[in-house]
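Read-outs: derived from the displayed coordinates by stated rules, not from any lab. Computed from a prediction, not measured in an experiment: that's the story for all the values here. In this analysis, Cβ positions are derived from the backbone assuming ideal geometry, glycine residues included, and neighbour counts consider all displayed protein chains.
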Amino acid sequence: MTKKLELYKCDICGNLVEILASGQGALVCCEKPMILIKTELTENEELNDKHIPVIEKVVDGFKIRIGATTHPMTKEHHIEFIQAISKDEKYIKTKFLTTEEIPELNAKCNSQTLWARALCNIHGLFKKEF
Ligand SMILES: [Fe+2]
């Protein structure tokens, strides 16, 4: 059984899937079950400092950057994408990044609350609520 907005990865081919609607079935890729990507919960301050989204309320929405100390953006180590998601999950913005970009996202969302997540190619998925 899957839940809306879960992310699943295939360890063999690298396919990455986001659930848009929940279902009873289990996801399979390359003939193996896909792996649910869970949010990293670490007490490593240096990791948290570079990965947990920093969310700022601005006039027309939110500005999100990864993280308090900007995450590296090199070929070897980078943020693959950032997402901004309203609490009611009606608004979702995904920004895919290249290594030339600063890991930040502007979300023009009129919700008062929102959460954001970012996927690092090495350290995994980090999330923050506002
Ligand atoms: Fe990282």
Completion exercise
Within the set Asn48, Asn106, Asn15, GNM on the chain using Cα springs under 10 Å gives the largest fluctuation to Asn15
Exercise for the section: Pick out, in residue order, every one of the GluC sites (Glu not before Pro) in region 91-124 that is DSSP loop and has at most 10 other C-beta atoms within 10 Å; say none if there are none. Expected result: Glu100
Handout entry: Dipole magnitude of the chain about its Cα centre (Cβ charges: Lys, Arg +1; Asp, Glu -1), debye to nearest 20
Key = 460 debye
Exercise for the section: Work out how far the C-alpha atoms of the chain reach from end to end along every principal axis, then list the three figures in whole Å, largest first. Expected result: 46, 34, 29
Fill in the blank from the handout: Counting only DSSP loop positions in region 44-91, the trypsin sites (Lys or Arg not before Pro) whose Cβ has at most 10 other Cβ atoms within 10 Å are Lys75, Lys90
Exercise for the section: Just report the Cα centroid separation between region 46-124 and region 1-26, whole Å. Expected result: 20 Å
Fill in the blank from the handout: Averaging 1/r across every pair of distinct alpha carbons in region 70-130 and inverting yields a Kirkwood hydrodynamic radius, in angstrom, of 12.0 Å
